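Undergrad: Input: one structure, supplied below.
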Amino acid sequence: MATGADVRDILELGGPEGDAASGTISKKDIINPDKKKSKKSSETLTFKRPEGMHREVYALLYSDKKDAPPLLPSDTGQGYRTVKAKLGSKKVRPWKWMPFTNPARKDGAMFFHWRRAAEEGKDYPFARFNKTVQVPVYSEQEYQLYLHDDAWTKAETDHLFDLSRRFDLRFVVIHDRYDHQQFKKRSVEDLKERYYHICAKLANVRAVPGTDLKIPVFDAGHERRRKEQLERLYNRTPEQVAEEEYLLQELRKIEARKKEREKRTQDLQKLITAADTTAEQRRTERKAPKKKLPQKKEAEKPAVPETAGIKFPDFKSAGVTLRSQRMKLPSSVGQKKIKALEQMLLELGVELSPTPTEELVHMFNELRSDLVLLYELKQACANCEYELQMLRHRHEALARAGVLGGPATPASGPAPASAEPAVPEPGLGPDPTKDTIIDVVGAPLTPNSRKRRESASSSSSVKKAKKP
């Protein structure tokens, strides 16, 4: 049977007076008699942190048996900061003030510095960075046999090699220290050319037969031209810089026009190929026998290529579909082509939405595909005619100015530069109004002029639709 003391002990409701009054000893008191006492003592010494008080402020309160918080900041191991440098108990290695000499110096100067006592007597550690250039040495006999030059005396050559050893082939410094009063005035390129010419001669003379030679070569003419071009580039005037930028922009425009012209040529070739393919398919379809079942008409219908007019979607999925959906124009056809197509159908007297029988749907789609292909071909033809006329007038303008080498001819009079080419009708010959178009600059077509030209070509194609 559980007593009331056990229940209070489980619910932690009992106090010290309750346990003393009951006089019973529980299992926890036997196993760990000090734990309960320490818990009660800690509960009596601490109190709950008030609401709104920060943890740091509450930690500063003197509410335990530890030392009071310091009045001044201290650097101790307790808290957020830790000691980074922990010095050991070993002895410090001794340092000594000792003299040293630098092997790179030839005057035997003595210097002093602090150094570890264990390194006494060793070489200067930075002496290994003293790198010198190996300048070849020639004898009197070698000079007379191989190195003699009428433009250079032996004293001048010796002076050049002496400066090369002193200044480690820094030819700008050598040219500055060169004795121009005693010897002939030389440029940096002349000094380099003479030095490397002697090095190449000595390498060839002293080489062992059968070994690969690494002969230094110096092109003095190229170096002189490079510096001359650099000086010209540096001494350009602002007008010359602006002119060069203008020419670069014009070059970019020419390249952009060339790419656009090539792209239009490829598109035109695709249209021509599509028209030929469609005509060949129609011819083959007429020659083929028509003894076919009506159920197989849909499957044996010739497929129109993607570039030939309009690519109508195929409704071959499962389910019931309306035949009129096959007459809907796909989203790839633009609004301009749709309006031109409707206008051409009205001119031809064809209904825009005929009765969607099997034969009518097939023929109506083919008719609209051919009309769109005709519209695109006429548009491409108008572009080519316009470019041809523009190039012809540019040629005439250059011929009048005498640029092409022929005699200059007087101009026939001013002509409007913004005139648009009219689409020629078949059988009527070239349009005389095209001769008034003069474009000597050859600037690319602007969006407005392109729109006007396309609208003119579409209207002319609508008018010619009824003509045989």
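The values are calculated or read from the model by the stated rules, or taken from the named source; none is laboratory data. Everything quoted here is computed from the prediction, not taken from an experiment. Please note: Cβ atoms are built from the backbone with ideal geometry, for glycine as well, and neighbour counts cover all protein chains shown. The area values use the complete protein model at the heavy-atom level, side chains included, leaving out ligands, DNA and RNA. Shrake-Rupley method; radii C 1.70, N 1.55, O 1.52, S 1.80 Å.
Undergrad: So, how do all the Cα-to-Cα distances of the stretch 88-129 break down into 5 Å bins, in percent, from 0 on up?
TA: For the stretch 88-129, the binned pair fractions read 5, 20, 25, 21, 12, 7, 5, 3, 1, 0 percent.
Undergrad: Let me ask something else about it. Could you provide, to the nearest whole Å², the per residue accessible area of the stretch 237-285 with probe 1.4 Å?
TA: Accessible area per residue, the stretch 237-285: 82 Å².
Undergrad: Here is a further query. R0 = 56 Å: FRET efficiency of Arg392 with Val173, Cβ-based, nearest 0.05?
TA: For R0 = 56 Å, the calculated efficiency reads 0.30.
Undergrad: Could you check the simple spin-label distance between Gln144 and Thr101, using points 7 Å along Cα→Cβ, in nm with one decimal?
TA: 4.0
Undergrad: What number do you get for the stretch 237-285 when its Cα radius of gyration is normalised by 2.2 N^0.38 Å, N = residues?
TA: The value comes to 2.21.
Undergrad: Could you give the length gained by full extension between Tyr234 and His180, i.e. 0.36 nm per residue of separation minus their alpha carbon distance, to one decimal place?
TA: 16.7 nm
Undergrad: Shifting gears a bit: Let me spell out the model: positive unit charges on the Cβ of Lys and Arg, negative unit charges on the Cβ of Asp and Glu, origin at the Cα centre of the stretch 102-245. What dipole size does that give, in debye rounded to 20?
TA: Magnitude of the dipole: close to 660 debye.
Undergrad: Taking just the alpha carbons, could you work out the radius of gyration and Dmax for the stretch 330-401, both in angstroms?
TA: Over the stretch 330-401's Cα set, Rg and Dmax evaluate to 18.8, 66 Å.
Undergrad: What does the highest-first list of 361-374, 125-138, 342-355 look like by mean Cβ count within 10 Å?
TA: Highest to lowest by the protection proxy: 361-374, 342-355, 125-138.
Undergrad: What's the whole-number percent of alpha carbon pairs in the stretch 133-269 lying beyond 28 angstrom?
TA: 46
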